[in-house]
């Protein structure tokens with residue numbers, strides 16, 4: 001079983017102590033966000049093929065990575081670095097700091113890191129040409145540290161629209177498929193120039209020649225990092241997704257980064273309250289009330 005930690009929240013940035021406590025205990029407990037059922041996820045080396053970490057700040061987990069490996073868990077890291085203005089990303093770390101994390105990761109754990117430039121949001125602060133220039137700048141900084149850049153375009157859910165509308169003086173739009181494909185065509189040669197494969201996450205209808213179908217939960221990459229094949233099967237967790245089967249151990253509404261376009265947080269205030277109420281000794285990331 002591959003364990004995703006987590007596309008619902010940033011465990012490396014905000015919950016590393018809880019995560020390490022759960023490895024020692026050998027399990028965590030989860031609440032189904034739709035039905036409320038409680039279930040247990042085993043986290044022993046015999047049950048876990050490896051972890052996929054999703055983060056915007058690997059720093060708080062970095063010192064624990066050697067112990068994670070020593071305990072018998074290979075891992076990969078889906079690391080989001082966008083360099084967006086603070087109006088969109090209220091509390092994410094500076095891009096140069098994130099780049100430094102990925103460079104150290106590539107030295108200590110070659111092949112483990114993947115750069116995510118996602119979601120791509122079209123706004124008055126981040127128009128088409130801004131994304132091209134910004135992607136070029138970040139790709140140059142990351143050359144040699146990663147071999148893949150994953151992109152996607154923001155999914156505008158109702159809560160996303162509500163949160164984006166709260167950003168003062170911001171004008172945003174969900175651009176046409178033609179515009180999105182034109183941006184992919186502009187980013188592709190930049191990624192290739194800097195030694196990266198460009199892949200698109202869960203939006204196959206927008207794929208163009210040269211852009212790969214992303215597999216963010218990637219058993220093949222995990223196997224290369226582990227030095228042996230990872231037993232898993234393709235089982236996407238949503239439509240048009242190229243991932244392998246996994247179990248996610250995060251909770252919605254627990255990430256206080258404050259990204260205006262986030263699909264996993266209803267409001268930053270709620271996420272901050274839940275983060276402050278978090279008990280790292282609990283088997284639950286967020287104790288059910």
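Odds and ends about this structure:
- Added length on full extension, which subtracts the Cα-Cα distance from 0.36 nm per residue, residue 204 to residue 157: 15.1 nm
- Of all DSSP beta bridges in the range 2-277, antiparallel share, percent nearest 5: 25 percent
- q = 0.15 Å⁻¹: log10 I(q)/I(0) that the Debye formula gives for the chain, counting C-alpha atoms only: -1.23
- Here the residues 249, 190, ranked from fewest to most Cβ neighbours within 10 Å of their Cβ, fall in the order 190, 249.
- Normalising the average separation of contacting C-alpha pairs (under 8 angstrom, six or more residues apart) by the number of residues puts the relative contact order of the range 2-277 at 22 percent.
- Alpha carbon convex hull of the range 79-234, volume per residue in cubic angstrom: 125 Å³
- Semi-axis lengths, largest first, of the ellipsoid equivalent to the range 170-226 are 25, 14, 11 Å, with √(5λ) applied to each eigenvalue of the Cα gyration tensor.
- Length gained on full extension, residue 213 to residue 266, computed as 0.36 nm times the residue gap minus the Cα-Cα distance: 16.2 nm.
- Long-range tail of P(r) for the range 163-289 (Cα pairs > 22 Å, %): 60 percent
- Diffusion constant of the range 57-170 at 37 °C, which comes from Stokes-Einstein with the Kirkwood Cα-pair radius and 0.692 mPa s, µm²/s: 212 µm²/s
- Fewest-first sequence of 82, 176, 9 by Cβ atoms within 10 Å of each Cβ: 176, 82, 9
- Using a simple spin-label model with pseudo-atoms 7 Å out from Cα toward Cβ, residue 168 and residue 276 lie 2.2 nm apart.
- Going from the residue with the fewest nearby Cβ atoms within 10 Å to the one with the most, 103, 158, 274 rank 158, 103, 274.
- Within the chain, helix-based [θ] at 222 nm, where runs of 4 or more DSSP H residues each add -39,500 (n - 2.57), nearest 500: -9500 deg cm²/dmol
- Cα-based shape type of the range 248-289, given that a ≥ b ≥ c are square roots of the gyration tensor eigenvalues and the cut on a/c is 1.5: prolate
- In nm, spacing of pseudo-spin labels at residue 143 and residue 179 (7 Å Cα→C-beta vector): 3.1 nm
Each value in this text was obtained by applying a stated rule to the coordinates, not by laboratory testing. Note that the coordinates shown come from a computational prediction; the quantities given were computed from them, not determined experimentally. Using ideal geometry, Cβ is built from the backbone for each residue, glycine included, and neighbour counts are taken over all protein chains shown.
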